[in-house]
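Beneath this line is the structure, given in structure tokens, with notes to follow.
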There are 4 protein chains.
Amino acid sequence: VSIDLNADLGEGFGLWRMADDEALLDIVTSANVACGFHAGDPPTMRRVCSLAAARGVRIGAHVSYRDLAGFGRRFLAVEPDELRDEITYQIAALDGMARAAGTHVSYVKAHGALYNRVASDPHHAAALIEGTRAFVPDLPLLGLPGSVLLSLADDAGSPTVAEGYPDRRYTAAGLLAPRTEPGSVLSDPAAVSSNAVQLAERGAVASLCLHGDNPAAVELARATRAALLAAGSEIAAFS
Amino acid sequence: VSIDLNADLGEGFGLWRMADDEALLDIVTSANVACGFHAGDPPTMRRVCSLAAARGVRIGAHVSYRDLAGFGRRFLAVEPDELRDEITYQIAALDGMARAAGTHVSYVKAHGALYNRVASDPHHAAALIEGTRAFVPDLPLLGLPGSVLLSLADDAGSPTVAEGYPDRRYTAAGLLAPRTEPGSVLSDPAAVSSNAVQLAERGAVASLCLHGDNPAAVELARATRAALLAAGSEIAAFS
Amino acid sequence: VSIDLNADLGEGFGLWRMADDEALLDIVTSANVACGFHAGDPPTMRRVCSLAAARGVRIGAHVSYRDLAGFGRRFLAVEPDELRDEITYQIAALDGMARAAGTHVSYVKAHGALYNRVASDPHHAAALIEGTRAFVPDLPLLGLPGSVLLSLADDAGSPTVAEGYPDRRYTAAGLLAPRTEPGSVLSDPAAVSSNAVQLAERGAVASLCLHGDNPAAVELARATRAALLAAGSEIAAFS
Amino acid sequence: VSIDLNADLGEGFGLWRMADDEALLDIVTSANVACGFHAGDPPTMRRVCSLAAARGVRIGAHVSYRDLAGFGRRFLAVEPDELRDEITYQIAALDGMARAAGTHVSYVKAHGALYNRVASDPHHAAALIEGTRAFVPDLPLLGLPGSVLLSLADDAGSPTVAEGYPDRRYTAAGLLAPRTEPGSVLSDPAAVSSNAVQLAERGAVASLCLHGDNPAAVELARATRAALLAAGSEIAAFS
């Protein structure tokens, strides 16, 4: 089987830094790059795009509610029409920075609270889809299998990419167990690796999301990649 | 003679408004649209682009220092490399909103303190030029005749468009008299119209900048346009 | 009867303006001053405080979710502890500007989406109360009669001031009819004035909120004040 | 001799962090706390104030140009009157957070580009002094010996505290050598400690500024403190 690995990158702002972007870029095949609404300033965006381009890693626009102070992790009751335009703005801005680095935006993924919201809210999901299509009609959208987002994107004729979270526990129904539940976030390399291999082999997702916001997380991402390769998976960008 | 008329548009933010965008769009041939750094939010940007497209008015990226609180009117000692990337970001973001409105960015003009700075500072001027060229190499740059900006843009192979200010007094040397000098900003329609006609006929500029940030200014802009037509000028976008 | 009149003031940001602050300050007895989170920059805050002090108008902190782009009109799912601290920050900052103008903050009122939220959400209501009490324990809180905010403030030992909206229709149960319902916002001076007189005489509220975000609204506010005086009400700050 | 040690604290924003605040608070006697203009959000400000209060460390307002994206390190040509009001706003806001933590603001120090500017620009220096005096007339101002700031503060009747930088090289004239000069920033513990002891014993400064924005810097700060104690200095807040 072939599986894509994606991770959040470029999540600094000004002098502040979040993850170890370079380490992650050696692990993943798709980079979700912050566009300035929850993190990401133009020099950071351009630098991450350059580093990604040099490694053949694809760039995705990691779009967010406008919320630097909250890192995009809080739901914001923005009007759908405004959200739609904010999505177009973010994708276009990142595409400009990618262009300056000799590459371009290949897909769109929602960040934080927006990611969670579009799993079930058809208004914000439609805003994300329309804002993306206003930029480029056939840009793929990453999201949770079974989410309202992927279903509406499908209806709209937008390509979709289902993704899994090897470091999260799933319910019997196949949904992500809430982070607030004890044991819902996994940190044991063996458990996460085994999840990754199963998710890849089951074939319901085309990409796996890895985290890298601390040194242990980068180690875990590296171990997960190694486990996938050891299990015979091919690691390659989704098509 | 043929002359282009440009004005600053889309200078609101959220609920706040500045000029009467629709009135100005009936007067000018080129719209300098704020990109979010001194003013301009995505819905405003898209709406102005739509209104401009409907009237055949061209869109320019009105790029600025990052300074919403100061409306881009204060010099900011940003590093040239960072400024360069911020320029690319702004142009690309506006181009995305223009694309959503069925049009695109046709030129770049600096706003406020950046406009003044690039007349004489080669570092910030080069940043503006490089940031523009990173997006599209042949995008024209508007600026003051004799400015460092236009001279460096020329050297870099970027098209340039010289512009004049009919509501500003010029020194004998052909420079703008400082705003702080009494009498340097004109409000008499006859004087402004006469300046506009002279600037157009002298041929040293291809565009005239009109203002519209209050009802009297819009009236003045309308009178200036009428005077140019009465004097036999053709009003058309620069080529 | 004696009734207080309050209105939202200082709602500009940088060069942008909203209401006619000076006109409103001649009408009201209490000024809800924006503190920088939905509107309001330090010079504007200080100027409004000076103008208010010169007229004997009281200053209230008009606290908001952190949302300049949305003017504080969108619900933001901020953590209660963070909201609490943001409330303290805003009140303290405004009190500093008031102190520079020779006065001080006399009460607290929530703005926009936060105002609506604390009518029913006990977590955000408690955050508003605790954030206020952390600054000064006995600062009065303005709010809707029957709201969760006033009830919890009461429990906490904070003084409360119930306010009415003469330009809004009330349901039979005494609640505000939603703005989205046709006819829920009144603009007829006779109707608004009559509501104001009734609200004052009924005695369930100690303050009336007037609006002034356009010239017609200022006229309406002036007419409402005149009607109250004609009906024999005394217009004075709540005690 | 008795010497105060100060350091910059609370320089995170939202999820982003800068220095190890707790480690530094065990080393210094005065904490320069960011107020939200270059860094610092209300929960961070309150937490740092609480931690400082628990250790008997004094709180100073670390005021800045409004520049989150640039961490206050870029000169901004803000009008002096606006800067004055922004200073009052920042001090007052921090004092509110300090009050919530059971303490208060004891002094004011400029951050970054503003710190450098007020060493020589009388307009911005006067704005800093007046903005401070508008909050509390007798709040001490920290600054460079020989700076325009300290001289004007003296004239205005504001208490001043001269500070030294043990990790910076000084010119023969007693000025700080520019950071851009090779060798102007010291990292050798022996050299920095020796500078600290000399600065303390020479008596021209009442406080020493230590840095802590990376683990090595915290180590250096700890070593400097130890060297001062070993040399017989008393480490105590300036009076």
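The values are calculated or read from the model by the stated rules, or taken from the named source; none is laboratory data. Here the structure is a predicted model, which means the values were calculated and not measured. Methodologically, a virtual Cβ is constructed for each residue, glycine included, from the backbone with ideal geometry; neighbour enumeration extends over all protein chains shown.
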Query raised in the report: So how many residues does the stretch D:58-73 have that are away from chain C (no Cβ under 11 Å) and either assigned to a loop (DSSP other than H, G, I, E, B) or of a type in the set (S, T, N, Q) (or both)?
Result: 9
Query raised in the report: So which of C:ALA226, C:ALA221 ends up being at pLDDT 95 or above, under 26 Å from C:ASP21 (Cα atoms), assigned to a helix (DSSP H, G or I) and within 16 Å of the chain's Cα centre (by Cα)?
Result: C:ALA221
Report task. Looking only at the stretch D:96-110, decide whether some residue is more than 17 Å from the chain's Cα centre (by Cα) and more than 12 Å from chain C (Cβ to nearest Cβ). Result -> yes
Query raised in the report: Hey, does the stretch A:32-43 have a residue that's within 21 Å of A:PRO215 (Cα to Cα) and away from chain D (no Cβ under 14 Å)?
Result: yes
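Collect the residues in the stretch C:140-152 that are of a type outside the set (S, T, N, Q) and free of Cβ contacts under 8 Å to residues at least 60 places away in the same chain, keeping them in residue-number order.
C:LEU141, C:GLY143, C:LEU144, C:GLY146, C:VAL148, C:LEU149, C:LEU150, C:LEU152
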Query raised in the report: Taking the stretch D:111-147 on its own, how many of its residues are within 12 Å of chain C (Cβ to nearest Cβ), out of contact with any helix residue (DSSP H, G or I) (no Cβ under 8 Å at 6 or more places or on another chain) and among the aromatic types (Phe, Trp, Tyr)?
Result: 0
Query - Condition met for D:ARG47 (within 14 Å of chain C (Cβ to nearest Cβ), touching a Phe, Trp or Tyr at 6+ places or on another chain (Cβ under 6 Å) and not hydrophobic (A, V, I, L, M, F, W, C)) - result: no
Report task. Taking the residues in the stretch C:74-89 that are touching a Phe, Trp or Tyr at 6+ places or on another chain (Cβ under 9 Å) and more than 8 Å from every other protein chain (Cβ to nearest Cβ) as candidates, determine which candidate is surrounded by the fewest Cβ atoms within 10 Å (Cβ to Cβ). Result -> C:LEU83
Report summary line: Across the stretch B:74-89, the tally of residues that are assigned to a helix (DSSP H, G or I) and out of contact with any Leu (no Cβ under 7 Å at 6 or more places or on another chain) stands at 9
Query raised in the report: In the stretch D:74-82, is there at least one residue being at pLDDT 95 or above, under 30 Å from D:ASN195 (Cβ atoms) and in contact with a strand residue (DSSP E or B) (Cβ under 7 Å, 6 or more places away or on another chain)?
Result: yes
Query raised in the report: Only one of B:VAL118, B:VAL197 is in contact (Cβ under 8 Å) with a residue 12 or more places away in the chain, more than 23 Å from A:GLY96 (Cα to Cα) and surrounded by 19 or more Cβ atoms within 10 Å (Cβ to Cβ); which?
Result: B:VAL197
Query raised in the report: Looking only at the stretch C:5-20, which residues are more than 14 Å from chain B (Cβ to nearest Cβ) and modelled with pLDDT of 95 or more?
Result: C:LEU5, C:ASN6, C:ALA7, C:LEU9
Report task. Sort out which residues of the stretch A:40-61 are buried (at least 24 other Cβ atoms within 10 Å of the Cβ), out of contact with any Gly (no Cβ under 8 Å at 6 or more places or on another chain) and not hydrophobic (A, V, I, L, M, F, W, C), and write them in order of number. Result -> A:ARG46, A:GLY60
Query raised in the report: Of the residues B:ALA204, B:ALA200, which single one is within 18 Å of the chain's Cα centre (by Cα) and under 12 Å from B:LEU5 (Cα atoms)?
Result: B:ALA200
Requested in this report: Kindly indicate the residue of the stretch D:90-103 that is in contact with a Phe, Trp or Tyr (Cβ under 8 Å, 6 or more places away or on another chain) and in contact (Cβ under 8 Å) with a residue 24 or more places away in the chain and also surrounded by the most Cβ atoms within 10 Å (Cβ to Cβ) among those meeting that condition.
Outcome: D:MET97
Query raised in the report: So which residues in the stretch A:141-190 are closer than 20 Å to A:ALA217 by Cα and either among the hydroxyl-bearing types (Ser, Thr, Tyr) or in contact with a Pro (Cβ under 7 Å, 6 or more places away or on another chain) (or both)?
Result: A:TYR165, A:TYR170, A:THR180, A:SER184, A:SER187
**Report entry** Cross-chain or 6+ apart pairs with Cβ under 7 Å, the stretch A:52-71 first and closer than 20 Å to A:GLY131 by Cα, then surrounded by fewer than 23 Cβ atoms within 10 Å (Cβ to Cβ) and of a type in the set (D, E, K, R)
**Finding:** A:ASP67/A:ARG74
Query raised in the report: If you check B:SER151, B:SER106, which single one turns out to be surrounded by fewer than 21 Cβ atoms within 10 Å (Cβ to Cβ), at pLDDT 95 or above and under 19 Å from B:ALA7 (Cβ atoms)?
Result: B:SER106
Query raised in the report: So, in the stretch C:1-57, of the ones that are aliphatic (A, V, I, L, M) and assigned to a loop (DSSP other than H, G, I, E, B), which residue ends up farthest from B:ALA19 (Cα to Cα)?
Result: C:VAL1
